[in-house]
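Student: I'd like to ask some things about the structure below.
Every read-out reported here was derived from the displayed coordinates using simple, explicitly stated rules and does not represent laboratory data. In this text the structure is predicted, and so the values were computed from the model without any measurement. We place every Cβ from the backbone using ideal geometry, glycine too, and count neighbours over all the protein chains shown.
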Ligand SMILES: Nc1ncnc2c1ncn2[C@@H]1O[C@H](COP(=O)(O)OP(=O)(O)OP(=O)(O)O)[C@@H](O)[C@H]1O
Ligand SMILES: [Mg+2]
């Protein structure tokens with residue numbers, strides 16, 4: 001008799017391969033992902049290499065310039081010699097020229113000639129012109145000096161007893177390809193695990209939801225055979241996904257079909273044996289996640305519920321796979337025995353050609369053990385009728401009941417109108433702009449602290465109290481779920497590098513004012529632990545409470561009737577505009593984007609606590625980073641781009657956060673239902 | 001109570017079967033028997049415990065206490081043996097969306113251990129019996145409710161078992177499709193099959209059932225042939241009898257609480 005599990009397996013495989021979503025994740029994504037990634041990395045590399053100093057500046061040279069100087073200015077690629085007929089100052093103010101060199105008369109051939117550079121210190125354009133003109137004048141000075149020395153029979157090196165030069169050891173490869181190479185293990189793990197994701201849900205929770213499990217279990221087949229058949233399908237799909245990803249990756253990077261691999265220094269030429277070995281370790285990985293996912297999915301009542309249960313597991317599983325991205329971590333037996341991490345590190349080492357066979361064996365063995373345990377977890381679910389038909393004991397949460405009753409008694413379910421909320425925020429902005437800045441000037445940091453609590457937090461509470469609004473609805477006081485908080489953490493972790501990148505890109509358009517470079521650093525640098533906690537209090541904790549209650553509380557609560565994207569865009573814009581009062585215009589876009597992101601999270605979850613957590617994490621991270629001596633040096637140049645490896649990682653984490661939040665939040669669905677019901 | 005002649009072997013035998021979900025006792029001390037070739041209808045309002053009782057019989061749920069037998073086989077002791085003897089049609093009519101009608105019937109045939117020529121012949125029989133031929137190659141996800149119901153029946157009967165358990169077989173069907181199912185039940189009864197079905201519809205019971213069991217809050221509150229029940233309760237028809245039974249029950253103090 002044909003084994004029952006084989007019958008189940010063949011049917012499940014056939015059905016799964018008819019699922020468009022599975023096919024998409026399994027085939028279309030790997031085929032497209034790697035070439036797109038490569039092209040993206042190349043673009044980023046080229047963009048990063050663009051020379052900021054390459055722009056030209058119109059300048060004038062007046063007075064008594066010798067032709068040697070004029071020739072040099074003419075020859076300079078960055079300067080455009082421009083005639084200034086009238087007033088020099090006016091010419092600079094009106095941007096006719098960026099800077100003017102006023103060259104004095106040479107009375108004595110061996111004497112000193114005065115050169116004055118006229119420029120506008122308040123204009124970044126003028127400053128750049130001055131710097132470029134200054135270097136040309138410097139070069140001219142050097143040629144004069146060399147000529148004078150030669151005339152006296154001295155070598156040119158006479159006036160240069162010491163030659164000091166900087167030499168960066170960074171290769172272009174360190175920027176693009178190298179990073180990409182480190183990300184590949186993560187991607188491979190990600191795609192393998194993702195391959196098992198939808199089939200597991202479909203074969204377990206999906207079957208339950210559609211009511212087919214009931215008929216399947218009336219067949220005279222032991223539960224074990226059903227699990228085995230389903231599990232074999234999920235694992236096989238994971239393995240196929242792994243194989244296709246590995247294949248596509250190697251085709252993209254190894255065949256040199258795209259020339260850029262050499263250009264960006266990416267070299268993933270692996271011997272066939274190594275490829276086979278990687279594939280071999282991916283098999284138990286697929287088995288492991290096939291079993292974990294199946295076990296979780298069968299415990300969920302519906303497709304949606306299963307997605308909610310699986311997504312956090314998927315995200316958590318990716319963290320160990322991210323470890324190889326960070327430089328300086330050596331592959332150890334402990335890492336080899338760590339689920340997921342072992343596979344990722346082994347892949348990294350195989351790529352660089354110095355893999356240890358012992359550790360590879362350990363990875364294979366430990367992953368197999370984990371896979372076995374996961375299989376037991378999955379099999380047990382199929383033996384339990386509670387799991388299969390849901391003993392839905394709807395556990396009452398007394399505390400939640402209590403709070404909702406309390407708030408119902410305290411107030412109506414009235415929320416402020418759009419106009420009321422906007423008027424309140426406008427009023428508070430004016431108040432803060434005049435009162436807050438004054439407090440800050442008079443009392444420094446204590447003034448800032450007082451301004452936040454007295455001019456933002458207290459007025460917001462008064463507004464809700466006096467207006468007799470429902471605090472719960474207006475301020476989104478819903479208790480967050482763990483998934484929400486985890487998503488908030490991921491969103492901020494991912495958003496920080498992206499906002500950094502955006503700030504850097506913006507600096508091409510809006511240059512960073514020079515006075516900002518020092519001032520900001522001073523404020524947020526902690527030299528002692530006491531100072532550190534104080535900074536955390538005033539710069540992270542306080543804004544998290546005070547600003548959130550205004551923007552994600554009142555403003556969001558009052559605008560909930562708008563289209564979702566309008567709510568979020570408006571919130572970001574107002575949040576960004578509000579910060580113009582104590583920051584410069586260059587911070588507008590990053591702040592607005594951050595505000596919009598937090599607004600989305602709060603809107604989606606109905607929980608301001610998620611927003612407070614995100615705001616706190618964002619600000620605290622900046623305080624921590626600028627307080628670390630090592631980081632301070634690294635960050636001291638605000639014009640520097642973020643490290644390239646951070647960008648894809650940030651984008652990935654941000655994306656994961658969004659997916660997780662989207663999956664775990666149900667609030668706006670209820671909101672819509674409410675809006676349809678209510679007038 | 002009129003005396004009845006009990007045959008030696010019951011095809012279906014519920015013996016003081018109870019099923020609880022946590023604190024809720026969905027089925028309480030259920031006892032009744034179905035004879036060979038009989039059509040027995042379980043009648044009851046929503047939540048009476050009909051589906052729960054049928055699921056226990058079909059080995060999908062484990063009884064909390066008591067037992068159930070199919071052809072003398074204790075479903076708790078030999079669930080696989082019991083499953084071979086029954087066709088179970090659930091009210092959800094779950095079908096695999098991405099299998100064609102024929103593939104689905106074949107799959108269940110295989111799960112029941114059929115193979116080769118026997119399997120393909122049996123599948124062809126089913127396709128003919130339920131007039132599935134026109135759409136046997138179409139994916140089940142694309143079928144209409146009536147078509148799905150026919151495929152479900154073919155799926156349930158592919159192994160030709162002696163006992164049929166049908167949970168609300170005409171749910172969501174139009175009059176015509178419902179008639180097809182009724183004709184099918186009559187026909188299967190004629191072939192000597194024993195049929196236990198649950199329903200809300202009085203006409204269905206009048207038309208098909210040899211005997212009726214009325215359930216309320218997990219308990220069997222009345223049993224007998226439709227005419228017997230009508231007579232005993234002094235009602236003009238079965239629907240009135242049913243309503244009387246329900247309201248009467250609610251009037252008795254102390255029984256409304258679960
Ligand atoms: N998996 C379960 N977990 C908890 N309670 C359940 C479960 N399944 C059913 N119940 C409860 O058991 C009781 C009986 O349900 P059952 O489905 O057997 O009734 P039914 O007579 O088939 O009703 P209907 O006519 O609506 O189909 C109901 O109160 C129901 O809520
Ligand atoms: Mg039912």
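Student: Summarise the partner chain shielding of B:88-98 as one whole number: the mean count of Cβ atoms from other chains within 10 Å of each residue's Cβ.
Tutor: Partner Cβ neighbours, averaged per residue: 6.
Student: Let me ask you something else. Note the angle between two axes, namely the Cα long axis of helix B:116-129 and the longest principal axis of the Cα atoms of chain B, as a number of degrees from 0 to 90, rounded to the nearest 10.
Tutor: Roughly 60 degrees, rounded to the nearest 10.
Student: Find the centroid of the Cα atoms in region A:539-612 and in region A:188-212, then give the distance between the two in whole Å.
Tutor: 36
Student: Take peptides B:64-70, A:290-296, A:353-359, A:10-16 and line them up by average Cβ neighbours within 10 Å, highest first, as a rough protection proxy. Can you show the working numbers first?
Tutor: Values: B:64-70: 18.6, A:290-296: 27.4, A:353-359: 13.3, A:10-16: 20.3.
In decreasing order of mean packing, B:64-70, A:290-296, A:353-359, A:10-16 become A:290-296, A:10-16, B:64-70, A:353-359.
Student: Return the Cα extents of chain B along principal axes one, two and three, sorted largest first, each rounded to a whole Å.
Tutor: 59, 40, 38
Student: Compute the acute angle (0 to 90°) between the alpha-carbon long axis of helix B:238-251 and the principal axis of greatest extent of the alpha-carbon atoms of chain B; round to the nearest 10°.
Tutor: Compared with the principal axis, the helix lies near 50 degrees.
Student: Still on this structure, I have one more. Of all beta bridges DSSP finds with both residues in region A:55-154, what is the antiparallel percent, to the nearest 5?
Tutor: Taking every DSSP beta bridge with both residues in region A:55-154, the antiparallel ones total about 40 percent.
Student: Once you keep just the Cα pairs under 8 angstrom separated by 6 or more residues, what percentage relative contact order results for chain B?
Tutor: 24
Student: Right, next: Could you check how many percent of all C-alpha pairs in region B:135-223 are farther apart than 19 Å?
Tutor: Values: 1733 of 3916 pairs.
When all Cα pairs of region B:135-223 are counted, 44 percent exceed 19 Å.
Student: Please state the relative contact order of region B:93-190 as a whole percent: Cα pairs under 8 Å, 6+ residues apart? Don't jump to the answer; show the numbers that get you there.
Tutor: Working: 89 pairs, mean separation 32.6, N = 98.
Averaging sequence separation for qualifying contacts and normalising by length gives 33 percent for region B:93-190.
Student: Continuing with this model, one more query. Sort the following peptides by mean Cβ neighbour count (other Cβ atoms within 10 Å, averaged over residues), highest first: A:272-281, B:84-93.
Tutor: Descending mean neighbour count gives B:84-93, A:272-281.
Student: Let me have the 222 nm mean residue ellipticity of chain B computed from DSSP H runs of 4+ only, each contributing -39500 (n - 2.57), with the sum over all residues rounded to the nearest 500.
Tutor: Details: 9 runs with 98 residues, N = 258.
Helix-only estimate at 222 nm: -11500 deg cm²/dmol.
Student: Oh, and also: How many Cβ atoms of partner chains, on average, are near each residue of B:21-27 if near means within 10 Å of its Cβ?
Tutor: Mean partner shielding for this stretch: 2.
Student: Need one word for region A:326-372: rounded, prolate or oblate. Basis is the Cα gyration tensor (sqrt eigenvalues a ≥ b ≥ c); a/c below 1.5 gives rounded, then a/b vs b/c decides.
Tutor: Cα axes put region A:326-372 in the prolate bin.
Student: Taking the highest mean first, how do the peptides A:299-305, B:56-62 order by number of other beta carbon atoms within 10 angstrom per residue?
Tutor: Going from most to least packed, we get B:56-62, A:299-305.
Student: Follow-up question, since we're still on this one. With the contact rule set at Cα under 8 Å and sequence spacing of 6 or more, what percent relative contact order holds for region A:55-154? Please report the intermediate quantities before stating the final value.
Tutor: On the way: 147 pairs, mean separation 29.1, N = 100.
About 29 percent, as a whole number.
Student: Could I ask something else about it? Cα centroid distance between region B:163-201 and region B:36-87, in Å?
Tutor: The distance from the Cα centre of region B:163-201 to that of region B:36-87 comes to 17 Å.
Student: Give me the inter-chain shielding for B:214-227: mean count of other chain Cβ atoms within 10 Å, whole number please.
Tutor: What the average comes to for B:214-227 is 0.
Student: If you don't mind, another one. Angle, helix B:145-157 long axis vs. longest principal axis of chain B, Cα atoms, 0 to 90°, nearest 10?
Tutor: Rounded to the nearest ten degrees, it is 90.
Student: A follow-up question, please. Any idea how far the Cα center of region A:322-384 sits from the one of region B:133-153, in Å?
Tutor: 46
Student: Please label the shape of region A:55-154 as rounded, prolate or oblate, based on the square roots a ≥ b ≥ c of the eigenvalues of the alpha-carbon gyration tensor (a/c under 1.5 means rounded; beyond that, a/b larger than b/c means prolate, else oblate). Walk me through the numbers before you get to the answer.
Tutor: Values: a/c = 2.41, a/b = 1.86, b/c = 1.29.
Cα axes put region A:55-154 in the prolate bin.
Student: For region B:139-180, what class follows from the C-alpha gyration tensor (a ≥ b ≥ c being the square roots of its eigenvalues): rounded when a/c is under 1.5, otherwise prolate if a/b is larger than b/c, else oblate?
Tutor: Oblate shape, in that a/c is at least 1.5 and b/c is the bigger or equal ratio.
Student: Note down the nm distance, to one decimal, between modelled labels 7 Å out along Cα→Cβ at residue B:124 and at residue A:90.
Tutor: Computed distance between label sites residue B:124 and residue A:90 equals 10.5 nm.
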